[in-house]
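Trainee: Starting off with a structure, shown below.
The values are calculated or read from the model by the stated rules, or taken from the named source; none is laboratory data. On a predicted model such as this, the values are computed, not experimentally measured, just so you know. Heads up, the Cβs are rebuilt from the backbone with ideal geometry, glycines too, and the neighbour counts pull from every protein chain shown. When the accessible area is computed, the model is the full protein with side chains, heavy atoms only, and any ligands, DNA or RNA have been set aside. Shrake-Rupley method; radii C 1.70, N 1.55, O 1.52, S 1.80 Å.
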Amino acid sequence: MNKLLKWALGALLLLAALTALVWSLNVRDEVNVKTPVAAAAPSDTLIARGAYLARAGNCMTCHTARGGASYAGGRGIATPFGTVYTSNLTPDEKTGIGSWSPAHFWRAMHNGRSKDGRLLYPAFPYPSYTQVTREDSDALFAYLGSLPAVAQSNQPHGLRFPYQSQAALAVWRALFFSPGVYQPDTSRSAEWNRGAYLVKGLGHCAACHTARNVMGASDEGLDLAGGLIPMQNWYAPSLTSPFEAGVGDWDRQHIVSLLKTGVSPRASTAGPMAEVVLRSTQYLNDADLGAMAQFLKELAPASDNAAKPMALPAAANVQARGAKLYEQHCAQCHGDKGQGVPNAYPALSGNRAVTMPSTANLVQIVLNGGFAPATEGNPRPFGMPPFVLVLNDSDIAAVLTHIRQSWRNQASEVTTLEVNRIRANQNK
């Protein structure tokens, strides 16, 4: 017991020392929020620009609770460390950001600090937003200041010990966060740089499309190389892999179409990405979508993507069962040979979404259905019904295995355990 107490005391002392170091570093990086700012009403042009940037950052989705007022916060975001509740961004003086200055807001975006200096949790994606320019931050603040004020107090976070402490957060920041505005690559075109700025900054694409470590930090060594979205059981595919969601060989207009409408001749969106298109990217102008497309096209392929891994075929009885289930439930829309129906139901033969190593998205779609977003360019999308009450876990495993190992597809077997894990996590 004495050894345990000594170890705990040593750990606390080390944590305290690291915290002191981090706070001193943060002070040096601090944005000056004390300089007086001349009060001037923001122009309509600045507010309109801020509204557009808020769409690009998909800000309203997180900062609006279901059934609540827009931007008034209160939405719970589940994390492996507990629940983080989003804050009130309306200009209410007491519960929102009505008493903030543009510098306070810039500090939150750039350095992850609230008005009172409190460190913010990275569920607010300031590790990406730190790249946003001061000019864009000021435009966002002007737009938020133009919204109706809503008096709604912020809800305390429901984080477990020790993650709820500012000390633990300070250590996390020392290890995984460095503030810094986007620096253009002078060897690239202005369009490419605009796309990189949107993808890396306000778009915060890495928040989903980059794997996270055990401490919840994005692995910069695998930037945009895919990752499982924490607590959601959806896999955000690699944007650098030709076997997942890499678009290096795509026609540029097809990428723009996917971001604008949710569908294209090469793919369609579902799950969390469909929500991003619905609430964010469909509202971006063609120039910005084209810039994002150009940046994504020029992403360097991951070095381990030289060859697609081979998979062992499933047992004959599993294949037979899966084939029968496919004929009963799937062939009517997707075709007897997985050929699909153009502009309606996607082909399953040769489909990268079917053959990715991660099977999480396939299981999610079979359980809960798959729906592209309803957008101006695709107002009545075709969808797939849920089979959560129709097929059991072994049924889903068998039919997905059949699809992944039939026609031109060569991918690993889906196990009943994989399906059970995702179904069980949905019911928590």
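Trainee: Total Lys pairs in the chain closer than 26 Å by alpha-carbon, pairs eight or more apart in sequence or interchain only?
Mentor: 10
Trainee: Within the stretch 371-413, which residues have the backbone N less than 20 Å from the label spot 7 Å out from residue 332 along Cα→beta-carbon, could you tell me?
Mentor: Flagged as within label range: 371-372, 381-392, 395-396, 399-400, 403.
Trainee: Same structure, new question: Hey, for a label at residue 344 modelled as a point 7 Å past Cα toward Cβ, could you say which residues of the stretch 375-402 have their backbone N under 17 Å away?
Mentor: The answer is 379-385, whose backbone nitrogens lie closer than 17 Å to the label point.
Trainee: If R₀ is 45 angstrom, what is the calculated FRET efficiency for the pair residue 153 and residue 316, using the beta carbon separation as r and rounding to 0.05?
Mentor: After rounding, the FRET efficiency stands at 0.15.
Trainee: Peptides 78-86, 139-147: what's the order by average Cβ count within 10 Å, highest mean first?
Mentor: Answer by packing, highest mean first, reads 139-147, 78-86.
Trainee: Using only protein heavy atoms and a 1.4 Å probe, report how much of residue 416 is accessible, in Å² to the nearest 10.
Mentor: About 60 Å², rounded to the nearest 10.
Trainee: Take every DSSP beta bridge whose two residues both sit in the chain, then give the antiparallel share in percent to the nearest 5.
Mentor: On the way: 16 of 18 bridges.
Beta bridges within the chain, antiparallel portion: roughly 90 percent.
Trainee: Each label point is 7 Å from the Cα along the Cα-to-Cβ direction; what then is the distance between the points at residue 352 and residue 382, in nm?
Mentor: 2.1
Trainee: With a cut-off of 8 Å between alpha carbons and a minimum separation of six or more residues, what is the relative contact order of the chain in percent? Write down the numbers at each step before the final one.
Mentor: On the way: 712 pairs, mean separation 53.9, N = 428.
Answer for the chain is 13 percent.
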